[in-house]
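As C-alpha cells, the structure follows; a few thoughts come after it.
The values are calculated or read from the model by the stated rules, or taken from the named source; none is laboratory data. Here the structure is a predicted model, which is why all the values come from computation and not from measurement. Note that we place each Cβ from the backbone using ideal geometry, even for glycine, and neighbour counts take in every protein chain shown. Please note that ligands, DNA and RNA were not included when accessible areas were found on the heavy atoms of the full protein model with its side chains. Shrake-Rupley method; radii C 1.70, N 1.55, O 1.52, S 1.80 Å.
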Amino acid sequence: SAKRHGRNHDRRFRPSLEVEGDRQLTILNELRQALAQGSQLELYYQTQHRLDDGEMVGMEALLRWHHPDHGLILPSEFIPLAERHGLMPVLGNWVIDQAVAQLATWRGQGLDVLPVWVNLSALQLIQGDLESHLISTLKQYRVPARLLGLELTESVLLDERAGDISRRLEALRREGLQIAIDDFGTGYSSMAYLKRLPVDKLKLDREFIRALPHDHADAAITSAVLAMAHGLNLDVIAEGVETAEQRDFLLARGCRHVQGYLYARPQPAGEVENRLRQAVANVYS
Ligand code: C2E
Ligand code: MG
Ligand code: MG
Ligand code: MG
C-alpha cells in the first residue's frame, strides 16, 4: 500500500513525478471526482506552540487525499497536478470552506480561541476571487476573521500576476485576517519585500531547522533571521522541529513559536480537538 509510515517515503505514490500521460489523466479525473464528492478529501490539523511553555497557539490546516486504491496521498503529490490543470482555485476554495466550517463547529462548542492557518497557492490569488470568497465564507459561517490565518510562500508574494499584492493583503488584514510568509528563506527571498508587505509572521522553513544545532550555516542563518524579525517586530514560527536540541537552540535565540513532530503530527480534526479543549481550559484558568 502507499500508506505513509514515518520517514519511509520510498513507496509513496507520486503522480506528479512518476506518472505520465494516461495515468496522470486518470488521477486528475479522480481528483476532480474527489473534489466534487468531497468525501475523499480531508483537512488535517497540526498544532502550533509557544516555545517557552509549550502552550498551543494555533493550528495549520493541511490537505489530505484518501485515495480508495492508493491510500493516503500527500499534498506535494497532487497540488502541483491540480495547479497545472486549473483545479486550484476550486480546490483552494474547498480548503477555505472546510477550515471555516470547522472553526464554526468548534465555535459552537466554545473551542474558538485559536486561529487556523490555511495554505494558499499562487493561482488562488491570480485566478480566483480570493478576497470576496474569504470574506463571504467567514460571514456565512459567522466566524470572526481573526481566527483565520493565511500562509503564502515567497513565490506567491513576488508573483507579478498576483497584482498589487501589498494592497490586497492590507485589505484582508483590515478585515482581521492574519498573514504569514511560509517556507521563509527558501524562495526568492528579498529583504526589501519585508519592508513593504503587510505580514504578521514568518515561518522559518524546515530546511534550516533540520540540521540544528550542529550545522554552522543553518545555525547562522536561523540566528540572523530571528534577529532580523525581532528588529522588524515580526513573529517567527519555526517549522519542522523534531528534537529537543532543535527546540533548545531556537529558544536560546529568541524564537517564540514552533510547529513540528516534537509537539504533534498533522491529525484529523477529531483528534486535535482534545488538545484544543485543553488549550481553551488553560486560557480560562
Ligand atoms: P507547508 O505549508 O510548509 O506545511 C508544512 C509541512 O511540513 C507539512 O507537510 C507538514 O506535515 C510537514 N511537517 C510538519 N512538521 C514536521 C516535522 O517535524 N518533520 C517533518 N519531516 N515534516 C513536518 P504536508 O502536510 O505534506 O504539506 C506539504 C505542503 O503542501 C505544505 O507545506 C504546503 O505547501 C502544501 N499544502 C498542504 N495543504 C495545502 C492546501 O490546503 N493548499 C495549498 N495550496 N497547499 C497546501
Ligand atoms: Mg504552510
Ligand atoms: Mg511551510
Ligand atoms: Mg515547508
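Numerical summary
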{"read-out": "For the chain, accessible area per residue (1.4 Å probe, heavy atoms of protein chains only), Å²", "value": "48 Å²"}
{"read-out": "Solvent-accessible area, 1.4 Å probe, carbon plus sulfur percent, for the chain", "value": "47 percent"}
{"read-out": "Residue-averaged [θ]222 nm for the chain, counting only DSSP H segments that reach four residues, each worth -39500 (n - 2.57)", "value": "-14000 deg cm²/dmol"}
{"read-out": "Cα shape, the stretch 156-264, gyration tensor, a/c 1.5 rule", "value": "prolate"}
{"read-out": "At most 16 other Cβ within 10 Å, DSSP loop - chymotrypsin sites (Phe, Trp or Tyr not before Pro), the stretch 217-278", "value": "261"}
{"read-out": "Measure of compaction for the chain (Cα Rg per 2.2 N^0.38 Å)", "value": "1.00"}
{"read-out": "Straight-distance crosslink candidates among aspartates and glutamates, where the alpha carbon sits under 12 Å from residue 201 and sequence neighbours closer than 8 are dropped", "value": "151, 182, 183, 235"}
{"read-out": "Spacing of the two label points (7 Å from each Cα toward its C-beta) at residue 42 and residue 283, in nm", "value": "2.5 nm"}
{"read-out": "Calculated FRET value between residue 53 and residue 25, using beta carbons and R₀ = 51 Å, to 0.05", "value": "0.50"}
{"read-out": "Sequence-separation-based contact order of the chain, relative, with Cα cut under 8 Å and 6+ spacing, percent", "value": "18 percent"}
{"read-out": "Net charge, residue 268 excluded, C-beta distance under 10 Å - Lys, Arg +1, Asp, Glu -1", "value": "-2"}
{"read-out": "Solvent exposure, largest accessible area first (probe 1.4 Å, DNA, RNA and ligands not counted), of 243, 222", "value": "243, 222"}
{"read-out": "Ranking by accessible area, most exposed first, for 64, 174 with a 1.4 Å probe", "value": "174, 64"}
{"read-out": "Cβ-derived FRET efficiency at R0 25 Å, residue 69 paired with residue 251, nearest 0.05", "value": "0.05"}
{"read-out": "Relative contact order (%) - the stretch 158-237, alpha-carbon pairs under 8 angstrom, separation at least six", "value": "27 percent"}
